[in-house]
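A short worksheet on the structure shown next.
The values are calculated or read from the model by the stated rules, or taken from the named source; none is laboratory data. Quantities reported herein were computed from a predicted structural model and do not represent experimental measurements. Neighbour counts run over all protein chains shown; Cβ positions are idealised from the backbone, glycine included.
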Amino acid sequence: MSASYDDNNIFAKILRGEIPSFKVYEDADTLAFMDVMPQSAGHTLVIPKTGSRNLLDVDPAVLSKTIPVVQKIAIAAKKAFAADGIQIAQFNEAASGQTVYHLHFHIIPRFDGVALKPHTGKMEDMEVLKANAEKLKAAL
Ligand code: AMP
């Protein structure tokens, strides 16, 4: 049985403004910001503002607000980073690779012949994240 939602997770802290993030998009229900350990240039996360651990416990009404933003960011990321494709990833519980227990969708630009960096690998330079956030915002 899965644990319940814990609002001490790092994305809940980002939503409350307790820790910084490179935001690219925000509306009443959803936030998008740069992943600090990107698997490729422009790796972005989309999260609902309402707390749930993952896809398994999210209210479908919340999900219906989140998915259009996943699409919006994916389209903008393809343009902003001149990507050949966009990979969407989403993990549910530790066995699948989930490390932060607030539902999130990974938007990962892909480039022909370029392998992904490891999941939760190396922290990116803050200036690079800032510049990529600006590029993505300009493409929205
Ligand atoms: P997951 O393994 O699907 O739960 O992914 C969590 C993601 O959050 C990983 O890709 C991390 O690189 C990313 N991450 C962890 N802490 C932060 C943070 N403070 N700001 C942005 N991204 C983060």
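If you go through the stretch 78-92 one residue at a time, how many are over 20 Å from VAL58 (Cα atoms), surrounded by fewer than 16 Cβ atoms within 10 Å (Cβ to Cβ) and β-branched (Val, Ile, Thr)? Of the residues in the stretch 78-92, 0 are over 20 Å from VAL58 (Cα atoms), surrounded by fewer than 16 Cβ atoms within 10 Å (Cβ to Cβ) and β-branched (Val, Ile, Thr).
Selection over the stretch 79-91 of residues that are in a loop (DSSP other than H, G, I, E, B), under 28 Å from ALA3 (Cβ atoms) and more than 9 Å from the ligand (Cβ to nearest atom) gives a count of 0. Of all residues in the stretch 10-23, which are surrounded by fewer than 17 Cβ atoms within 10 Å (Cβ to Cβ) and either more than 9 Å from the ligand (Cβ to nearest atom) or of a type outside the set (A, V, I, L, M, F, W, C) (or both)? Those that are surrounded by fewer than 17 Cβ atoms within 10 Å (Cβ to Cβ) and either more than 9 Å from the ligand (Cβ to nearest atom) or of a type outside the set (A, V, I, L, M, F, W, C) (or both): LYS13, ARG16, GLY17, GLU18, PRO20, LYS23.
Screening the candidates VAL100, VAL58, VAL36, VAL114 for the property of being surrounded by fewer than 14 Cβ atoms within 10 Å (Cβ to Cβ) and part of a loop (DSSP other than H, G, I, E, B) yields one hit, VAL114. Checking each residue in the stretch 92-103 for being over 21 Å from ASP29 (Cβ atoms) and near the ligand (Cβ under 8 Å from one of its atoms) picks out GLY97, GLN98, THR99.
In this structure, ILE75 does satisfy being exposed (fewer than 15 other Cβ atoms within 10 Å of the Cβ), of a type outside the set (D, E, K, R), outside any loop (DSSP other than H, G, I, E, B) and more than 9 Å from the ligand (Cβ to nearest atom).
Could we say that LEU63 is among the hydrophobic types (A, V, I, L, M, F, W, C), modelled with pLDDT of 95 or more and more than 11 Å from the chain's Cα centre (by Cα) here? The answer is yes for LEU63.
With the condition kept exactly as written, say whether any residue in the stretch 43-52 is in contact with a strand residue (DSSP E or B) (Cβ under 9 Å, 6 or more places away or on another chain), over 15 Å from HIS102 (Cα atoms) and not β-branched (Val, Ile, Thr). Looking for residues that are in contact with a strand residue (DSSP E or B) (Cβ under 9 Å, 6 or more places away or on another chain), over 15 Å from HIS102 (Cα atoms) and not β-branched (Val, Ile, Thr), one finds at least one in the stretch 43-52, hence yes. Scanning the stretch 24-33 for residues that are loosely packed, with under 15 Cβ neighbours inside 10 Å and either outside any loop (DSSP other than H, G, I, E, B) or within 14 Å of the ligand (Cβ to nearest atom) (or both) returns a single hit, GLU26.
Restricting to the stretch 81-97, and then to whatever is under 16 Å from the mean Cα position of the chain (by Cα) and of a type in the set (S, T, N, Q), can you tell me which residue is nearest to GLN39 (Cα to Cα)? Applying the filter and picking the extreme gives GLN87. Take HIS106 and decide whether it is in contact with a Lys or Arg (Cβ under 9 Å, 6 or more places away or on another chain) and either within 11 Å of the ligand (Cβ to nearest atom) or acidic (Asp, Glu) (or both). So HIS106 does not fit the description; no.
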